[in-house]
1. Looking at Gly179, Gly156, can you tell me which residue is touching a residue at least 24 places away in the same chain (Cβ under 8 Å), of a type in the set (Gly, Ala, Ser) and surrounded by fewer than 16 Cβ atoms within 10 Å (Cβ to Cβ)?
2. Looking only at the range 220-259, which residues are within 11 Å of the ligand (Cβ to nearest atom) and either in contact with a Pro (Cβ under 9 Å, 6 or more places away or on another chain) or under 23 Å from Val113 (Cα atoms) (or both)?
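Read-outs throughout are calculated quantities, based only on the coordinates presented, and are distinct from any laboratory measurement. None of the values given here were measured: they were computed from a predicted structure. Cβ atoms come from the backbone with ideal geometry, glycine included; neighbour counts cover every protein chain shown.
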Amino acid sequence: MDNGLSEANDAPGGAHGGSWEFGHVAVLLKPAIEFLAVQRGGTYIDATLGLGGHSWEIAKRLGAPGRLIGFDKDPAALERARERLKSPPADLAGDWPQIELVHASFAAVAERVAPATAAGLLADLGVSSMQLEDAARGFSFQAEGPLDMRMDPRSGLTAEQVVNRFDERELADAIYEFGEERRSRRIARAIVRARPIQTTAQLAEVISAAARPMNQAERRIHPATRTFQALRILVNRELDDLRALLSVAPQVLKPGGRLVVISFHSLEDRIVKDAVRDGARDGLYRVLTKKPVTADEEEIDRNPRSRSAKLRAAERT
Ligand SMILES: C[S@@+](CC[C@H](N)C(=O)[O-])C[C@H]1O[C@@H](n2cnc3c(N)ncnc32)[C@H](O)[C@@H]1O
């Protein structure tokens, strides 16, 4: 079946320059677009523009009477998405929706979108490969960079401040809670002893020395993975923002409107699952995914980032 998804030719970043240079491929693109059931002329929210891959597919289906409102906390991502979305493919040049890009957290979605107006809301959580691959942003333990990790460089604490200022107990609790890391106390102790820690590589080294893998399963992931995840979640208040988004989503969606959320770790997925289940119990949603949709082998081969992705969808009643 032709699902109308972009192939190389009209894929933004292919013909229009943009994100492929970072290797960012939108995750679970096909199911996301199918569950959104994008209708021409509707108002759709992309809560996490990133490089605009999902937005592009939404825009293509909306046509000139449609409206796309995109959010991102990261001004660099917003600019990328703007570049990408400003030039429609030639055959849609006269039939491109109105696009508004907002530099804000998606937690503020209800301040920007009128009640019961959205036909769909998509959130593709976490960081983009552009953010991960830019060593200067400090998200990756695989590249030497400053310990920053802020999606919005104008806001709040950096990971460097957290790592060097939190006391050992606070650090251990955060690593345990947001990283689901059982070796949190040992890691926190090693971090405190090694302070000051300035770079991602230095932190990764301290963690690796402190937390040797305890079993075969742990050997498969880098020992710093969970601690880096914890710091990123903490620095960006990711779980609070997600809860805030999910609490207002039923307000901005109109009856029949679709909520689609793609998460990348169990903490996020649990929050989404509970919000959708509670919404269904309260008569706000009809659940469309009994089990989360995951990437097939072909997608995982093409895009390893999709391995941990889980998509859940619901329809506003
Ligand atoms: C996984 S990427 C999205 C990729 C996008 N779907 C695409 O196809 O290119 C997630 C993006 O969401 C942004 N983001 C994460 N949390 C956010 C929040 N609370 N509010 C706004 N944007 C957020 C990140 O800055 C990042 O650019």
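1. Only one candidate qualifies: Gly156.
2. Asn236, Arg237, Glu238, Leu239, Asp240, Asp241, Leu242, Arg243, Ala244, Leu245
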